[in-house]
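So the structure is just underneath, and the comments pick up after that.
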Amino acid sequence: MYVAVKGGERAIDAAHDWLSEERRGDRRLPALSLDQIIEQLSLTVARVMAEGSLYDQELAALAIKQSRGDLIEAIFLMRAYRTTLPRFGYSNPIDTGKMSCIRRISATFKDAPGGQILGPTFDYTHRLLDFKLAAEGDDKISDDEYDTLKVHHEVHEQSKDIPHITEFLNKDGLIQTEVESDTTPDDLTREPLELPASRALRLQALTRGDEGFVLGLAYSTQRGYARNHAFVGELRIGYCDVEMDIPELGFSIDIGEIQITECETVNQFKGSKKEPPQFTRGYGLVFGQSERKAISMALVDRAMRWKELGEDFVGAPAQDEEFVLYHCDNIQATGFLEHIKLPHYVDFQSELELIRKIRKEALAHQEAAKSEDNQPLEAAE
Amino acid sequence: MSEYNFAYLDEQTKRMIRRAILKGLAIPGYQVPFASREMPMPYGWGTGGVQVSAACLMPEDVLKVIDQGADDTTNAVSIRKFFEKTANVETTAATSEATLIQTRHRIPEEDLTEDQILVYQVPIPEPLRFLEPRETETRKMHALEEYGLMYVKLYEDISQHGQIATSYSYPLKIEGRYVMDPSPIPKFDNPKMEMSAIQLFGAGREQRIYAVPPYTKAVSLDFEDYPFEAMKAEGCCALCGADHTYLDEVIIDDDGGRMFVCSDTDYCESRRAAGHVGAQGTPQNQEAAAS
């Protein structure tokens, strides 16, 4: 009997129960705590905050736990929560020049004021599995020991007030000057995207865009699809204070601190009809420690600036703002991609009818053509 | 769910959506950009329709949700539950009892009335999208009423296949001006679009809302010598015997045996309740006695 689409409600409930059991896994093992995720999977937390466009480590950790480690699912949870939050104001722009850097490198100058700070990087590690980590040994320490270590960290590992490298080039007029503006940037999450988009809007889309997608586009520019000859002028990771003006007080106060990664690229540029030969810039800024994303973002940002710099549009995907902005969001992409799992039998039915009809006519044509072909042959014999 | 506003969205967002709806009604068939929100269900699951429904729902509304014509398909169940939870409105499966119907891929068989709103979930609102992928270009084409490309496509279909090879999402011209995508409803449903109810279309991911007001001209594109033809599977519903409804094909055994049944489950059930019996159906009173 016809039962295929019945029982949807019970099926959904049962699926949810099974999912929650699978999420927890083997219950003889202790459950993951949010603190453990924040402390030991911090780069995962950073990615979920960046692409979820919400700086909150605890919520990101919760989303990761709830999504069984499916990061796009976790990002989706963050976004869906974020959109329900009221906006009670806007912070002042953060000053990355005042960042407490844990890492700061330049690939364009051997040394510069502020120095090169390698920081906690994978760059020069040998990618050999460390089987010691697999051993169960617990390196937990006491609260007292922790406090001592923390003081040590604060004194020795953070440097403040490090000037931006590109400013040195700017003094000689060798790098293009960014146009300063105090206009309130558009908000991608509050207005529908309309093209052409401002650079601020493009950067917003890129910073919350999918890391893999932005990386792939950036890589394509390096391989010749709108090559823009990028050097990492500076890459810095650290903490910035977030300040907000409180009208009732009449002054601004610190409301917290966020970790961010900033990348400024210096790009070769031979000049165009509009601009003299000079270095040009690409910019990347991402929540958390996320240098791959920040560098990628800077390269794609630079590629999309072809119009303002008077370069040619060579048809490369990374230059095409409509292509980039409409496809970099992984929540939109995954939703539309995965929705083809939903029932489509009505559409499919109408396609079935159409194909049957067209096929019948085509076959009839073939038959007719065959018998026509045969006749003159016989006649020739 | 007291932590969320009535029908989930906050009032500011609803106001923004209502303005887009009003603009859409004022310019039938025109795609109005709106600041679509991230909903707690994925894009592609009907977020546009859900936002439009949320902006229209009033506490006294009676809601019906269908997917593929049926009230009990998984996603229809999920969306209905969402509004039961967040808006606490009465829900129904009966088309005539509903004041607001959210649908995916079908128009109910029963005629709708002036007191009803039909909300469509739309995946790709742009009828020209697969002829021209750029939004910047297609918006220009609509503005200039330049629909030649679409007619060329229909013509090429006829020259290659002897007929227009579009079976769903079949484009219509609304009130003699905008060419509109009716969402992926089968073209069987296109003639029903000139109706008494308000029709609203929500595309969440693509951030577009559009509308067809009651009694608006909605003409499926065609040629004089190749007129538009609504199409459905030949045959009758095996359960209720209807020969005028859109039918789903159901495979019933390993040898590919099949039967056809109404895709509109509520319509089929009410016909059976009224005593209609199809070739493989059992009269309703017997079924009740058996269970």
Next item on the list: Go through segment B:39-70 residue by residue and tally those that are within 11 Å of chain A (Cβ to nearest Cβ) and over 15 Å from B:Gln121 (Cα atoms).
Entry: 1
Next item on the list: For residues that are assigned to a loop (DSSP other than H, G, I, E, B) and open to solvent by less than 30 Å² (accessible area, probe 1.4 Å), scanning just segment A:86-120, find the one that is farthest from A:Leu43 (Cα to Cα).
Entry: A:Ala112
Next item on the list: Please specify each residue of segment A:202-241 satisfying the condition of being open to solvent by 40 Å² or more (accessible area, probe 1.4 Å), hydroxyl-bearing (Ser, Thr, Tyr) and more than 22 Å from A:Asp123 (Cα to Cα).
Entry: A:Tyr225
Notebook entry, point to check: Taking the condition within 14 Å of another protein chain (Cβ to nearest Cβ), open to solvent by 10 Å² or more (accessible area, probe 1.4 Å) and not in a loop (DSSP other than H, G, I, E, B), does B:Val250 pass?
Noted result: yes
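This table checks each residue for (1) under 25 Å from A:Ile165 (Cα atoms); (2) modelled with pLDDT of 95 or more; (3) open to solvent by 10 Å² or more (accessible area, probe 1.4 Å).
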| residue | (1), (2), (3) |
| --- | --- |
| A:Lys270 | yes, no, yes |
| A:Pro276 | yes, no, yes |
| A:Ala294 | yes, yes, no |
| A:Met297 | yes, yes, no |
| A:Ala318 | no, yes, no |
| A:Phe323 | no, yes, yes |
| A:Asp329 | no, yes, yes |
| A:Leu337 | no, yes, yes |
| A:Tyr345 | no, no, yes |
Item checked: Total residues in segment B:88-124, condition among the aliphatic types (A, V, I, L, M) and part of a loop (DSSP other than H, G, I, E, B) -> 8
Checklist line | Selection within segment B:67-87 - in contact (Cβ under 8 Å) with a residue 60 or more places away in the chain and not in a helix (DSSP H, G or I) | finding: B:Gln68, B:Gly69, B:Ala70, B:Asp71, B:Asp72
Margin query: So A:Pro192 passes all but one of these: (1) touching a residue at least 12 places away in the same chain (Cβ under 8 Å); (2) outside any helix (DSSP H, G or I). Which condition number does it fail?
Written below: (1)
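Rundown of residues vs (1) assigned to a helix (DSSP H, G or I); (2) surrounded by 16 or more Cβ atoms within 10 Å (Cβ to Cβ), yes/no style:
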| position | (1), (2) |
| --- | --- |
| B:Glu132 | no, no |
| B:Met150 | yes, yes |
| B:Lys153 | yes, yes |
| B:Pro191 | yes, no |
Notebook entry, point to check: What do you reckon, is B:Tyr168 facing chain A (nearest Cβ under 10 Å) and either among the aromatic types (Phe, Trp, Tyr) or touching a residue at least 60 places away in the same chain (Cβ under 8 Å) (or both)?
Noted result: yes
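Rundown of residues vs (1) under 30 Å from A:Gly52 (Cβ atoms); (2) crowded, with 18+ Cβ neighbours inside 10 Å; (3) within 18 Å of the chain's Cα centre (by Cα); (4) of a type in the set (A, V, I, L, M), yes/no style:
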position	(1), (2), (3), (4)
A:Met304	yes, yes, yes, yes
A:Ile340	yes, no, no, yes
A:Lys357	no, no, no, no
A:Leu363	no, no, no, yes
Notebook entry, point to check: Which one of these does B:Asp111 not meet: (1) among the charged types (D, E, K, R); (2) open to solvent by 30 Å² or more (accessible area, probe 1.4 Å); (3) within 14 Å of chain A (Cβ to nearest Cβ); (4) touching a helix residue (DSSP H, G or I) at 6+ places or on another chain (Cβ under 9 Å)?
Noted result: (3)
Next item on the list: List every residue pair whose Cβ atoms sit under 6 Å apart, with the two residues 6 or more apart in sequence or on different chains, where the first one lies in segment A:305-327 and is more than 18 Å from A:Gly284 (Cα to Cα) and the second, anywhere, is open to solvent by 60 Å² or more (accessible area, probe 1.4 Å).
Entry: A:Gly310/A:Lys273; A:Gly310/A:Lys274; A:Ala316/A:Tyr225; A:Pro317/A:Phe323; A:Glu322/B:Arg134
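The values are calculated or read from the model by the stated rules, or taken from the named source; none is laboratory data. Keep in mind the model is a prediction, meaning the values are calculated, not measured. Because the Cβ atoms are built from the backbone with ideal geometry, glycine has one as well, and the counts that use them run over all protein chains shown. Accessible surface is based on the protein model in full, side chains and every heavy atom, while ligands, DNA and RNA are left aside. Shrake-Rupley method; radii C 1.70, N 1.55, O 1.52, S 1.80 Å.
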